[in-house]
Amino acid sequence: MSRKLLISCLVAAGIAIKSGCSDSRPDTTVATLPPSASTNRPVTGHTWTMSDLGMELTYVEEGFVRMGSENLVNRASPVHRVQITQAFWIGTCEVTQKQYEALTGENPSRFPGDTNPVETVDWNDAVAFCKMLTERERDAERLPEGFEYRLPSEAEWEYAARGGARSSDVDAFESDPKRDLQWHLKNYGDQTHPVNAGKRNALGLYGMSGNVWEWCLDWYDDTYYGRSPAADPVGPQTGSLRVCRGGIQPFIYDGFSPAAYRDPDPPTNVDDFLGFRVVLGPSLR
C-alpha cells in the first residue's frame, strides 16, 4: 500500500497526520550548473550554500543523542545513547524538484512545484544524485578533503532532527508532538508542500517532522538498532530494506516522538511521499 493511500485511509478514520517545513526566503535555483573553480568553500562552523543550485546546508557539530522511543517498541527500541564523533553539514531543507531537475535533467515528482520536495525517487536515485553532486563539487574544487555528498546515516538524521548539540532535546527520550506538528488532518491537503513552508527545528532545519519521508543511508534491521555501536552507527552491512525517516506520520499520540519514528522500505520503492535530503560529510562506507 502506498503512503498516499495509507494516509487517505487514516484521514478517513479521523487519525491526525504529521508533516512540516518552512522559510520565507526566495528560491534562488537556476537551471544552468557549470562547475567553476572558486575559493568559496564550506567553512567549519558555518552554513554552506551552493548559490547556483540554491541549496543550503546547515553545519552540525559533533555530540551525543539518545536515539529511539519507548513508545515505538517494534521499530525504535530500546532507547540508547549514541555519539556522533564527526561534524557534518545537512540540507536545511529536503531536495527540491528544481534542484533535482537542474542536476539530473529529470523530475519524476507527482506533486509538481519548483520548491516542492522531489519525490517518487527510489534509494538508488537519491544516491545517484549525491554522487553527481560530489563529482560536480570536486570538479569545482569546493569539496573538503575526505568529504562527499551522500545520504545521512540514520543516527545523523535523528541527531539533526532532535536539534544536535544546540538543543535541550538532545538527551530527551521524546519530543513534543504538538510543537513538532506542522501539517495535520485539516491542512495537509493530501499533497506535499514547499520545503520553505513550515517550522524550523533547533538547528534551523525544515521538514524533519513532516512533508515527505526521507531516505537514509542505512539498511534497516530491528535487531541491529538495539545493539548498534555506541559511536557513529551506520546500520548493518546487508539487508533487503532501507531506512526512511521524518515524513507524514501514520499516528500521533501523547509521548510520540517524530524524531524517532523509523520506516523500512525496499530500496527500489517509489512513492509520492518519499524524497530525501543530502549530507556533506566524511565517507561512512
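The values are calculated or read from the model by the stated rules, or taken from the named source; none is laboratory data. What you see is a predicted model; the values in this text were computed from it and never measured. When we count neighbours, we look across all protein chains shown, and the Cβ atoms used for this are built from the backbone with ideal geometry, even at glycine. For the accessible areas, the whole protein counts, side chains as well, though only heavy atoms, and no ligand, DNA or RNA atoms are used. Shrake-Rupley method; radii C 1.70, N 1.55, O 1.52, S 1.80 Å.
For segment 232-245, the criterion of a residue being touching a Phe, Trp or Tyr at 6+ places or on another chain (Cβ under 9 Å), modelled with pLDDT under 90 and open to solvent by less than 50 Å² (accessible area, probe 1.4 Å) is satisfied by no position. When residues in segment 259-279 are screened for being in a strand (DSSP E or B), closer than 24 Å to residue 134 by Cβ and open to solvent by less than 10 Å² (accessible area, probe 1.4 Å), 3 of them pass. Would you confirm, using the coordinates I've provided, whether residue 252 is touching a Phe, Trp or Tyr at 6+ places or on another chain (Cβ under 7 Å) and either of a type in the set (Phe, Trp, Tyr) or modelled with pLDDT under 95 (or both)? Answer is no for this residue. For segment 116-130, give me each residue that is closer than 13 Å to residue 217 by Cβ and more than 14 Å from the chain's Cα centre (by Cα). 124 - this is the single residue of segment 116-130 that is closer than 13 Å to residue 217 by Cβ and more than 14 Å from the chain's Cα centre (by Cα). You will find that of 91, 113, the residue that is within 17 Å of the chain's Cα centre (by Cα) and within 20 Å of residue 211 (Cβ to Cβ) is 91 and no other. Every condition in (1) open to solvent by 50 Å² or more (accessible area, probe 1.4 Å); (2) modelled with pLDDT under 50 is met by residue 175 except one, and the failing one is (1).
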